[in-house]
Structure formats: C-alpha cells, structure tokens
Amino acid sequence: MAEKRNPGKFLNARYWSCCLLFNILVIGGFCLILFKAFRLQVLEYSTWDERARNQVQTTFQVPAYRGSIYDCKGRLLSYSVPQPSLYADGDQIENPKKMAAQLAALLGEPEAAIEKKLVANRHFVWLKRHLTDQQAAAIEAMNRRGLSLTREYKRFYPYRQVAGQVLGFVGMDGVGLEGVEKSFDQVLRENATSVGQVRDGIRKCLWMRPCLPPEPGESFGVRLALDTFIQYVSECELEAAMAKYKAKAGEVVVVDAQTSEVLAIANWPPFDPNHPDKRNPNSWRNRVITDSFEPGSTFKVFLVSAALEEGVIKEKDRIFCENGKCKLAGHVINDTHPYGWLTIPEVVKYSSNIGASKLALQMGNERYARYIKAFGFGSPTGISLPGEVKGLLRSHKRWRPIDLATTGFGQSIGVTAMQLNSAIQTIANGGEFIEPQIAKEILDAQGQPVSRYCAKPLRRVMQKQTADRIRAMMELVTKEGGTGTSAVPEGYTVAGKTGTAQVLDSATGRYASNKYTAVFTGFVPADKPRLVMTVVIHEPQGAIYGGVVSAPVFKNISAKVLPYLGVQPTLESVPPAKGLRLAGKSGQSVAKASADASKAAARGAETKKPVGAAARSGKPDADKTLKAGASDGITAKSQAKPAVTRASGLEQYSLKAQTPATGAYQGTGRAGAALASLPERSVPREKREPAHAGETTLKLLVD
C-alpha cells in the first residue's frame, strides 16, 4: 500500500526554500548596491566628481597682468591698465529684451545684438569688455541681476604711432599678436586667472569665486635697445621726406655701430597700436624686416669688398667703363654719366654700373655668391622680431652671365633694410658680421635685470684692412664729386653709398619706367662709427635718386642724434654742428651741451632708481623731461620744463605723450614713467587725432 504524503510538510519545505531564495536575492541586491556605491564613491570618484562640477559650475578665464615694455632709457612704451568688463548669465535674466534695451544705450551696442547674446548663451557670455569707469558705475547702479563685472587689463601705448610696428599689439585676451608683443609674449604674459560660479539644481547662481588677477609688480617687463628720442626723430624726418616726394612707403633703421643695438626702426605709413582694428592690416607690417627690394648701387660696396678680399683686383687697378654704354649677352648696361677709365675707388664714388658688372664677371658665380651670403643676404638677420623674411637670392648655379653682371650693381636680388644695414655695419666694425639686437634685458618686478642680451660676432667676412679700404672708398662717395654729398651733417664725416633701383612690375614682369627705390646707407662718423643707418624711400615722385631723396634724411637724423649721444664734430675746418641746446642760453656749444647732459646723466645714475619708480608715485610727473644728451625721464631729478631749441632755425615738432583718460583708466598709477615727453610731429590740425585727456607736451624746435 503506497505511503500517504503529508501536504503540510511539503508546504513547509517549499516555504522555507522561498524564504531562503528571497534572502539570497535581497542580500545579493544589497551587495550589488554596496559594490556599485563603492565603485562610484571610491573607484570612479574623480570622474563623477568632475561631471558634477561641470553641471553646477561655470568657469571663464580672465587675462592676468602683462609686463611692460621700456626703451633703453626706461621710458614706458607699452603697459597694461585695469578696466572693468561686463558678462552675463542668461539663466538669471528674466526679460532679455528689456535688459537689452537698457544696456544698448549704455554700452553703445545694437539692442538686437545684445538680446541675441542673452538668449543664445544661457550660462556665460561677454557683453562688452574694457568698459569705462562711467559705464561700470552705471551698471552697478541699475538692477543687474544676471550681470557681473570683473577686472581685466587693457594694453596702452602712450606714444601712439611712435615705434608702432616695432611694438606690435595684443589681442583682447592679452596675447601678443605682432611685434615685440609677440616675440616676447612668453616673457611678458603671466597665466590667466580662472573665475567661477556655483549653481543649484535649476542652474541659479549661488556663489561666485572672487578670484581676480593679482596686482603686478611695477617694473616687470622687457627693456628694449630702442631709444624713443632717436625713434621719434627718425619718424619725423621720414615723414617729411614722404610728404616732400609723395612716396608710396619708406623705412629707416638706425643701429649703434659699437653694440649692434637697434636704436630706431621707422616705417611709413605709420601705425597706432592702440587702435589696430581701425587700420588696414598692411599697416601692421614692420617693413624694415618684412619687405624686400632691389638695393641698387648700394650693393657695389659688397662686390668690391669681395674682390679686394679675394685678391681679384687691387685698389689702383682701372676698369674701362665704355663711355656710359655696354652691351652684354644681348642686354645693354648704362651708366648715368659716361665714364672712361676708372680706378676701383672711382667706380664706387661715381657708382658705375658698367664697372661693377665687369668686376662681378671677374669674380664668378660661386665666389661672389659665397660673399653675398657671408654678408647676410639670403637669410634672416636673426633679430628678435616676428615676420622677418630672408629676401630673394636665387641659387648661383642658375645665374646667367647677365644675372651675375646685374647682381654686381644690385639688381636680380632682393634685400630688406635690416639686411642691408647689417651688411654695412660689417664694414663699419672691421669686417665682422654681428646680429642686430632689439632687446637689452628682462626686468623683474623691482625693475632689476634678470637676464641680458648681448650681441656677439657671428663670423668674420673680411680682414680689417679690407674693411678699412672700403670705408675710405665709401667716404669718397660723400665728398665733392660723389653721389652722396647731401648725406653729410655739418662737422662730421660720413661713409656711405647711394642706390637708385628700378622697381619690377609684377604684372608685366619687366622693370617699370617710372618707379624707383631711392636708398642711402652708411655710417657716421666715418673714422669712428657710432651710427649705422639705412634710409629707403619707395617710389618717390619728382626726384628719384638715393643721393637726392634718401641722403638728406640720413643727414637730418644724424645732425640731431649725434649731439644727443654726445658725439663731437670731427672736422675743425667746418663750423660745429648746431646741436640741441636749452632755450635762453644763446650760443651754447655742442661740447657744453654734451657736458651738461653727461652731468645730468651722472646725477640720474646716482639716484639708482629702478625702472618704473616714477610710476609708483601714483600721479604722472609732468616735470620729467627729455633733455638733450642723457635724461631718461625716470632716473633724472624733476626739473622745470624748458623749451628745447636749435641754435638756428625754428621748425617745430610736437609729440604728446598720451596718458590714459581719467575716466577710463582711473587709479592705474603707471603713467608717470611714460612722461619723458617727446615732441609730436607737425601734422595739419585736421589730420591729427583728437586730443586725449592727460596729455603733456614738450616742444622741440629744430632746423
């Protein structure tokens, strides 16, 4: 008989099985949750924490303070001033249309553009950067829920157009885009500051981290070799030549022959880095290093240098110059005047194209090309400025006889003004090629140098004896009968070379019949060079020759700069150059002016104030003046502001060292060091820029 089953026992066992399974599932679920929580809280904490931060925080970058740029005397050329900037949180603005209407009139921006920013950007959007103090005060006074102000720095250039292309400019975020601002960007720029907002679950702002850029040290920055006085005089004289000859463009570069430091780089048309957006980008170019041209007859001195160094010719050798016309490989080479037999110095003095072409053919392609490269042509000079080109130099292996001949007198080759000046400097300093220097030193926050730039000879191009012989030939160019007599300032000797080159028409591929480049390059004084200078005028009208158009610019700059540097006249038979003197001291000699300047420099040196000391005073010092000779506007003692005149003649310059307008730049305390006031070039009133608040003026009266 089958065993009878117990239903109760079966149900009880099933119950306990279900309970056990349920407990296992519950415990397993809790274990899974704990593991998941452990993984999120411990193993993947950083990942999820970052995602949470991104949901509740908004961060934007505020540019930090940027270091200043000084000239060699400590005058401020570029510095930063604090200005408020306005941004908005679109989530907190209840009525964007109404807010846009309020802000449009205040900011001077289209209402539709502001409303679009507020609607399209729900978290963060810049409404306007670099407000005036008046605009910032008005924003503070209005119901500004969703609007916030933060401090940024705006770049300011107190001398406006002076050295504009050299200094360059910065972008809205404080990054250098051109010139010194770009090449020394890593030195001048500090890390940006992050400013953040914390939001709740519905993205309303709960708290803002008030992290603003730190207050800068007063004098942190870069000191350039540039001298603002020499730079300004160069620009004035270049501008005068441009106006006289209605030329297309022009450049001047002035270098200290003893140190290879660049004292001035002038470009025309000018450029004001305070308003880069208001000019054609072509005006940003530093043409001295970016534009190449055919150097014309200035190139003959390098040809003769190479030929003498190689022993191809002797100084007393003579070349028959075909009475002004020579046929070569189906081409005709002409001289301006017909010459017969000329010695080598006479070929340079009278600038004979035929003599140069015959000499180039004697040199040969390879040998001549080697010297061209040794003089620095065909490669950048290495100056610490952006955009430098290497010029145009075809491989000598491709030169035909006519190419070799024309290269001898400066055609078929392209050079920059800086390359030409560096090559001439090689002759001035005895045959060594030295890289030009634009910067002198890097300064810390106390104005003390932390690193210095020193020019070193890169290579020897020729022996000193050869360089001395070429110098003597170049001096003949500026003496009676030479092509460069108008380059000589009274009381000084000049070694130089003129050049007049035809301009290649890019449309036709031929030389234009009515376009020329007028060039003069040389150094002064000839026996003990202090200044090496190159003047280039593109497409002058009325006159075309370098000896007529460019040489007077060389003369006028030298006449003003040499006394300023304390260089005494060297010719006793010629009346001393009329140097800068203080008004009211009629007849004061150059020597007396230089002695007074030296004493002033010594007194300034005794004070040993660091760069930027004047800026820390809190107010611009209108009594800081630029005296003839040495005052740097920073270390010199305060003096009454005298008129500075020349011994004869009264052509007035006027340059206003612009200071930030009070309303827009209040409380910066940095304008004082910029007030080594220089005169402003004389420009018709209707063409001048509007006057700016805080301008101070020192008038310079010169011949």
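The values are calculated or read from the model by the stated rules, or taken from the named source; none is laboratory data. Keep in mind the model is a prediction, meaning the values are calculated, not measured. A quick note on method: Cβ atoms are made from the backbone with ideal geometry, for glycine too, and the neighbour counts reach across all protein chains shown.
Scanning the range 18-51 for residues that are of a type in the set (Gly, Ala, Ser) and loosely packed, with under 10 Cβ neighbours inside 10 Å turns up just one, 46. From the list 408, 414, 382, the lone residue that is in contact with a Leu (Cβ under 9 Å, 6 or more places away or on another chain) and either free of Cβ contacts under 8 Å to residues at least 40 places away in the same chain or farther than 18 Å from residue 300 by Cα (or both) is 382.
Candidates 508, 517, 521: the one that is polar (S, T, N, Q) and closer than 19 Å to residue 427 by Cα is 521. Here the range 33-73 is the region considered, the condition is being in contact with a Gly (Cβ under 8 Å, 6 or more places away or on another chain) and modelled with pLDDT of 80 or more, and the residue that is farthest from residue 448 (Cα to Cα) is 66.
Scan the range 367-385 and tell me whether some residue there is among the small types (Gly, Ala, Ser) and part of a helix (DSSP H, G or I). The answer is yes; a qualifying residue exists.
One line per residue, one yes/no per condition, for (1) of a type outside the set (D, E, K, R); (2) assigned by TED's automatic domain parsing to the domain that holds residue 350; (3) surrounded by fewer than 24 Cβ atoms within 10 Å (Cβ to Cβ):
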| site | (1), (2), (3) |
| --- | --- |
| 479 | no, yes, yes |
| 489 | yes, yes, yes |
| 534 | yes, yes, no |
| 549 | yes, yes, no |
| 554 | yes, yes, no |
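Kindly indicate whether any position in the range 142-154 is hydrophobic (A, V, I, L, M, F, W, C), over 14 Å from residue 102 (Cα atoms) and modelled with pLDDT of 75 or more. The answer is yes; a qualifying residue exists. Scanning the range 109-162 for residues that are of a type in the set (D, E, K, R) and assigned to a loop (DSSP other than H, G, I, E, B), we see that the one that is nearest to residue 82 (Cα to Cα) is 129. A single member of 521, 517 is closer than 22 Å to residue 226 by Cβ and assigned to a strand (DSSP E or B), and it is 521. Looking only at residues that are at pLDDT 95 or above and polar (S, T, N, Q) in the range 229-259, which one is surrounded by the fewest Cβ atoms within 10 Å (Cβ to Cβ)? My answer is 231. Put simply, of 434, 427, 438 the only residue that is of a type in the set (A, V, I, L, M), at pLDDT 90 or above and over 22 Å from residue 520 (Cβ atoms) is 438. Of the residues making up the range 350-399, those that are of a type in the set (S, T, N, Q) and either under 30 Å from residue 339 (Cα atoms) or not assigned by TED's automatic domain parsing to the domain that holds residue 337 (or both) are 351, 352, 353, 357, 362, 365. When residue 461 is tested against (1) more than 17 Å from residue 433 (Cβ to Cβ); (2) in contact with a Gly (Cβ under 7 Å, 6 or more places away or on another chain); (3) β-branched (Val, Ile, Thr), only condition (1) is not met. Looking at this structure, is residue 436 buried (at least 22 other Cβ atoms within 10 Å of the Cβ) and in contact with a strand residue (DSSP E or B) (Cβ under 6 Å, 6 or more places away or on another chain)? Yes; evaluated as a whole, the condition is true for this residue. Only residues that are touching a Phe, Trp or Tyr at 6+ places or on another chain (Cβ under 7 Å) and either surrounded by 24 or more Cβ atoms within 10 Å (Cβ to Cβ) or within 17 Å of residue 258 (Cβ to Cβ) (or both) were counted across the range 412-421, and they come to 2. On the stretch given as the range 288-311, residues that are surrounded by fewer than 19 Cβ atoms within 10 Å (Cβ to Cβ) and either closer than 17 Å to residue 352 by Cβ or without any contact (Cβ under 8 Å) to a residue 40 or more places away in the chain (or both) total 1. Against the conditions (1) surrounded by 24 or more Cβ atoms within 10 Å (Cβ to Cβ); (2) within 23 Å of residue 232 (Cβ to Cβ), residue 495 satisfies every one except (2).
For the range 321-372, the tally of residues that are more than 21 Å from residue 546 (Cα to Cα), small (Gly, Ala, Ser) and in contact with a Lys or Arg (Cβ under 8 Å, 6 or more places away or on another chain) stands at 1. How many residues, within the range 439-454, are touching a Leu at 6+ places or on another chain (Cβ under 9 Å) and surrounded by fewer than 15 Cβ atoms within 10 Å (Cβ to Cβ)? The qualifying residues number 2. Among residues of the range 471-488 that are over 11 Å from residue 550 (Cα atoms), those with a beta-carbon under 8 Å from a residue that is aromatic (Phe, Trp, Tyr) at least six positions away or on a different chain give the pairs 481/350; 482/350; 483/350; 483/545.
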